[in-house]
Structure formats: structure tokens, C-alpha cells
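So the structure is just underneath, and the comments pick up after that.
The values are calculated or read from the model by the stated rules, or taken from the named source; none is laboratory data. None of these values were measured; they are calculated from a predicted model. We place every Cβ from the backbone using ideal geometry, glycine too, and count neighbours over all the protein chains shown.
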Amino acid sequence: MRSFRVGLSLPPQLPPPRIPAIARHAEDAGFDEIWLAEDCFFAGGVAAASAALAATNRIAVVLGILPAAARNAAFAAMELAALADLYPHRIVAGLGHGMPDWMRQVGAAPHSP
């Protein structure tokens, strides 16, 4: 067993219908993780993570970052908890301040990062 993990990063511009097949290929190729990014004005990160998790059996999905300024913390936690219940030990998520320009565009710019 190797002492490191290998991940595949998928771009946020990737059309969501392509995620399941790519996730299956990554798992079959031996990748340990798929990395997804939530990026403003593309498909949502939670939906993308769900598609990858549903299409695979063992690979972990790392989702980052969910912009805390644009997402209600309770609802983000509910979504992530549902994924954790459906796919135990296979979802990792990061929350952060988001990109300042995007947060301003959606009216969610924080007073301070």
C-alpha cells in the first residue's frame, strides 16, 4: 500500500453530465480522490460531488471551496451531511471566503475576509 494519495482535479467548467463517466474512469484507473471546485456561474459543487459519488464505489470526492459568504452555513451543513450519510467517509469539503469579485457580483461580499 502506498503512503500517499493521488487525486484528479476536474475543472468547474466541465459539463455536469460528463462527471459520472470521468469519475468512474478515475476510480478504475486507481485514483484515490476526485477534486471539484465550486466556481461562480458554473454548476453547483454539491450537485457535482453528488454525481461523482453516485457513479463510483470507493473514490473520495473533495469539494472546495464552498463560499461561506454566499451559502447559509446551516443549509450547506445539511447538504454535506446528506452526502456523508449517503457515501460514508467519501466526501471532504472546504468552506472559505470565496473570490471577492464573484461575491460582489452575486451581492454576497463580506465586510471582511
Note to self: Taking the criterion of being at pLDDT 95 or above and under 10 Å from the mean Cα position of the chain (by Cα), would at least one residue in segment 10-32 satisfy it?
What the structure shows: yes
Next item on the list: Search segment 63-113 for residues being in a helix (DSSP H, G or I) and aromatic (Phe, Trp, Tyr), and hand back the single one that is farthest from Ala23 (Cα to Cα).
Entry: Trp102
Notebook entry, point to check: How many residues, within segment 62-74, are among the small types (Gly, Ala, Ser) and either at pLDDT 95 or above or crowded, with 16+ Cβ neighbours inside 10 Å (or both)?
Noted result: 3
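Residues checked against (1) more than 13 Å from Ile65 (Cα to Cα); (2) out of contact with any Cys (no Cβ under 7 Å at 6 or more places or on another chain); (3) without any contact (Cβ under 8 Å) to a residue 40 or more places away in the chain:
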| site | (1), (2), (3) |
| --- | --- |
| Pro15 | yes, yes, yes |
| Arg18 | yes, yes, yes |
| Ala23 | yes, yes, yes |
| Asp28 | yes, yes, yes |
| Asp32 | yes, yes, yes |
| Trp35 | no, yes, yes |
| Phe42 | yes, yes, yes |
| Ala49 | no, yes, no |
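For every residue, the table says whether it meets (1) buried (at least 18 other Cβ atoms within 10 Å of the Cβ); (2) farther than 18 Å from Pro12 by Cβ.
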site	(1), (2)
Ala49	yes, no
Ala60	yes, yes
Met99	no, no
Ala108	no, no
Next item on the list: Identify all residues within segment 52-67 that are of a type in the set (A, V, I, L, M, F, W, C) and within 13 Å of Arg90 (Cβ to Cβ); write none if there are none.
Entry: Ala52, Leu53, Ala54, Ala55, Ile59, Ala60, Val61, Val62, Leu63
Notebook entry, point to check: Out of all the residues in segment 75-88, is one or more surrounded by 15 or more Cβ atoms within 10 Å (Cβ to Cβ) and at pLDDT below 95?
Noted result: yes
Margin query: When you scan segment 57-73, do you find a residue that is hydrophobic (A, V, I, L, M, F, W, C), touching a Pro at 6+ places or on another chain (Cβ under 6 Å) and more than 21 Å from Gly107 (Cα to Cα), even just one?
Written below: no
Next item on the list: Would you mention how many residues in segment 1-35 are among the charged types (D, E, K, R), closer than 16 Å to Leu53 by Cβ and not in a helix (DSSP H, G or I)?
Entry: 2
